[in-house]
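First up is the structure itself, then whatever we jot down about it.
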Amino acid sequence: MPTLVNYSGDDEFYSGGSFYPNPMDLGRLFSIVSQVDVYCPPSKRPRISAPFIFGRNELELDKKPSIEVLPDECLFEIFRRLDGGKEKSSCACVSKRWLLLLSSIRKAEICHELPVSNAVDMVTGDEDQDLESDGYLSRCLEGKKATDIRLAAIAVGTSSRGGLGKLSIRGSNSLRGVTNLGLSSIAHGCPSLKALTLWNVPYVGDGGLSEIAKGCKLLEKLDLCQCPTISNKALIAIAENCPNLTSLNIESCSKIGNEGLEAIGRLCPKLHSVSIKDCPLVRDHGVSNLLSTASMLSKVKLQSVNITDFSLAVIGHCGKAITNLVLSGLQHVSEKGFWVMGNAQGLQKLTLLTVTSCRGITDVSLEAIGKGCINLKQMCLRKCCFVSNNGMVAFAKAAGSLECLQLEECNRVTLSGIIGALSNCGTKLKSLTLVKCMGIRDMALGFAMPSPCTSLRSLSVRYCPGFGTASLAMVGKLCPQIQHVDLSGLCGITDAGLLPLLESCEAGLVKVNLSGCFNITDDVILALARLHGGTLELLNLEGCRKITDASLVAIADNCLLLNDLDVSKCAITDSGVAVLSCAEQLSLQVLSLSGCSKVSNKSIPFLEKLGKTLVGLNVQHCNSISSSTVELLQDSLWKCDILS
């Protein structure tokens, strides 16, 4: 690059402007001077007696020409003419100034004109452009790594390597956090961006997200969480510039309200998923307009927002495409709102409904939902304190397509309500889950045993302290075809309750989880192995302190298909591990011995033998196994993931 010298002379010698009217002549003069050898005796100080003075500071003659003296405008013009990504990346490594300049160049500002002689380079450039539009690269910045400089580097580095398609920013550097400048770099250099996640970025405001809207028109997914400075203005910009938006998630954004949601619903016809949580400015007007205009909306989640019965009525009438609906913490919605939502007959395609901590869910409204949502297959109720046995039975009768029912902390529902629901659910119910339902307790059945529910395949009762031996035996008789049993955390279960259940299961158990049932003994495992060893694939006995090596002998002899075994905190010894290793037909893939204090270094040869098929081994808190032995085991079982 030729050196340009801006010399205008000195009024003391010449007052007519530049000493050389042609700047090129001045360049030639400097090139001649640089080639002249001048002898200066070292003992004498040279005198400057040049007839002309070319500058006010003599030291300027010793300065080497540098591109850094060029203003940003000149560098911008140079950088936008760079051909490939390799050259851009090399320039970006020079300084932060160059990196930020390169990241500020929009795709439309890149100059693609090349000399005719560089035909090969032109083809390469076209290939880069094709890759650039793919957008298959993904980047994630978390915590201290989330800075504007890193975003600028991502914008420059990914532009010629397939293009950035997904960007997640979670947290922000406390000193140099992400600002609008960083998002502007992404907007300028990553037009292929399709998914953007912003979590806890307090310095990003409307300006940065508006730049994303203008530069990334292919955006399909937007996730905003704890963004206190982003308001409706940015959301409106997204709606106006990103018509391909399909998913919107807004959480704890205090400045986003009705206007932004209304624009999204009106201008984003492809929107099919929306989640709004803890946004105080979002009210009925915004939610109702969004739901009534977004005709393709199939997944809706509303949590802790200030909406009333009106919004649920709109959902019931306009949610004709909704298949998945989650309603949580709606304190201002009454029984009337849920009743209208069910009776409006608009949720014909709804297959999954989850309701958490909503006072409006009562026996009456639950029955209305069962009647109005004729295709409902999965129902989950959490912390719905006004639902009782009558509501469960009525819902089970009305919901003819129900396949999965889950109750968590619904304390007014008792064992009588569960049995009534099972006997009236029809022939499609496949899964029943009860979690922390304190109202379920052992009871004497005051009526004849109803007809069995032959469709149920999965029974999960977790951390229900009142669910004991009598309850388990009763449910076992009522559900003879179950294959998956999860009774974790039921400390009241004994052999007397489990043995009838094992004997009544006709189809053969496949997955059994008895973790935390510390009252069961080897007798249960012996029966389980004898009756269901041909079908059993997973067995979890964590915390069953009365389980000994005898159970492992039965498992080794009978469980041909078992691939996942957890005997953590059981009374297992080296002899039991040896028995497992000698079972030639056993092909364990996952084995957990965590907390088995009686398993020592003597088990290492047996574990190495088991390691031929193992992909996961847990020997944490096995105090009798030394750390050096574990290191040797890791070397020999290099294909196995070992936790120690």
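Summary of computed values
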{"item": "His188 vs. criteria buried (at least 24 other Cβ atoms within 10 Å of the Cβ) and more than 25 Å from the chain's Cα centre (by Cα)", "result": "yes"}
{"item": "Counted residues, region 219-239 - those being closer than 24 Å to Ser298 by Cβ and out of contact with any Gly (no Cβ under 7 Å at 6 or more places or on another chain)", "result": "9"}
{"item": "Strands (runs of 3 or more DSSP E) fully within region 348-455 counting 2 or more residues that are over 25 Å from Ile482 (Cβ atoms)", "result": "352-356"}
{"item": "Hits in region 481-502 (condition: within 21 Å of Ser455 (Cα to Cα) and either in contact with a helix residue (DSSP H, G or I) (Cβ under 8 Å, 6 or more places away or on another chain) or of a type outside the set (Asp, Glu) (or both))", "result": "Gln481, Ile482, Gln483, His484, Val485, Leu487, Leu498, Pro500, Leu501, Leu502"}
{"item": "Of all residues in region 222-239 being touching a helix residue (DSSP H, G or I) at 6+ places or on another chain (Cβ under 9 Å) and assigned to a strand (DSSP E or B), the one that is most open to solvent (accessible area, probe 1.4 Å)", "result": "Ser231"}
{"item": "Sole residue being free of Cβ contacts under 8 Å to residues at least 40 places away in the same chain, of a type outside the set (Gly, Ala, Ser) and open to solvent by less than 30 Å² (accessible area, probe 1.4 Å), chosen from Leu637, Leu632", "result": "Leu637"}
{"item": "Qualifying residues in region 456-496 (those that are touching a strand residue (DSSP E or B) at 6+ places or on another chain (Cβ under 9 Å), assigned to a helix (DSSP H, G or I) and without any contact (Cβ under 8 Å) to a residue 40 or more places away in the chain) - the one surrounded by the fewest Cβ atoms within 10 Å (Cβ to Cβ)", "result": "Gly476"}
{"item": "Region 240-262, residues that are buried (at least 21 other Cβ atoms within 10 Å of the Cβ) and within 18 Å of Arg283 (Cβ to Cβ)", "result": "Leu248, Ile250, Cys253, Ile256, Gly260, Leu261, Glu262"}
{"item": "Test result for Ala550, out of contact with any Asp or Glu (no Cβ under 8 Å at 6 or more places or on another chain) and more than 14 Å from Leu499 (Cβ to Cβ)", "result": "no"}
{"item": "Options Asn618, Asn623; residue that is among the polar types (S, T, N, Q) and surrounded by 18 or more Cβ atoms within 10 Å (Cβ to Cβ)", "result": "Asn618"}
{"item": "Criterion (over 27 Å from the mean Cα position of the chain (by Cα) and closer than 19 Å to Pro269 by Cα) met by exactly one of Thr293, Thr323", "result": "Thr293"}
{"item": "Subset of region 404-417 that is out of contact with any Ser or Thr (no Cβ under 6 Å at 6 or more places or on another chain) and polar (S, T, N, Q) - its residue that is surrounded by the most Cβ atoms within 10 Å (Cβ to Cβ)", "result": "Thr414"}
{"item": "Qualifying residue in region 323-333 (condition: open to solvent by 10 Å² or more (accessible area, probe 1.4 Å) and either within 21 Å of Ala394 (Cα to Cα) or hydrophobic (A, V, I, L, M, F, W, C) (or both))", "result": "yes"}
{"item": "Search result, residues across region 274-292 that are closer than 21 Å to Glu240 by Cβ and surrounded by fewer than 18 Cβ atoms within 10 Å (Cβ to Cβ)", "result": "His285, Ser292"}
{"item": "Cross-chain or 6+ apart pairs with Cβ under 6 Å, region 382-403 first and touching a residue at least 60 places away in the same chain (Cβ under 8 Å) and open to solvent by 10 Å² or more (accessible area, probe 1.4 Å), then in a loop (DSSP other than H, G, I, E, B) and of a type in the set (A, V, I, L, M)", "result": "none"}
{"item": "Pairs with Cβ under 6 Å, 6+ apart, first in region 139-159 and closer than 11 Å to Val178 by Cα, second hydroxyl-bearing (Ser, Thr, Tyr) and open to solvent by less than 60 Å² (accessible area, probe 1.4 Å)", "result": "Ala146/Ser172; Asp148/Thr179; Leu151/Ser185; Ala152/Ser103; Ala152/Ser185"}
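The values are calculated or read from the model by the stated rules, or taken from the named source; none is laboratory data. Source: prediction; values computed, not measured. Positions of Cβ are backbone-derived with ideal geometry, glycine not excepted, and every protein chain shown enters the neighbour counts. Heads up: the accessible areas ignore ligands, DNA and RNA and are worked out on the full protein's heavy atoms, side chains in. Shrake-Rupley method; radii C 1.70, N 1.55, O 1.52, S 1.80 Å.
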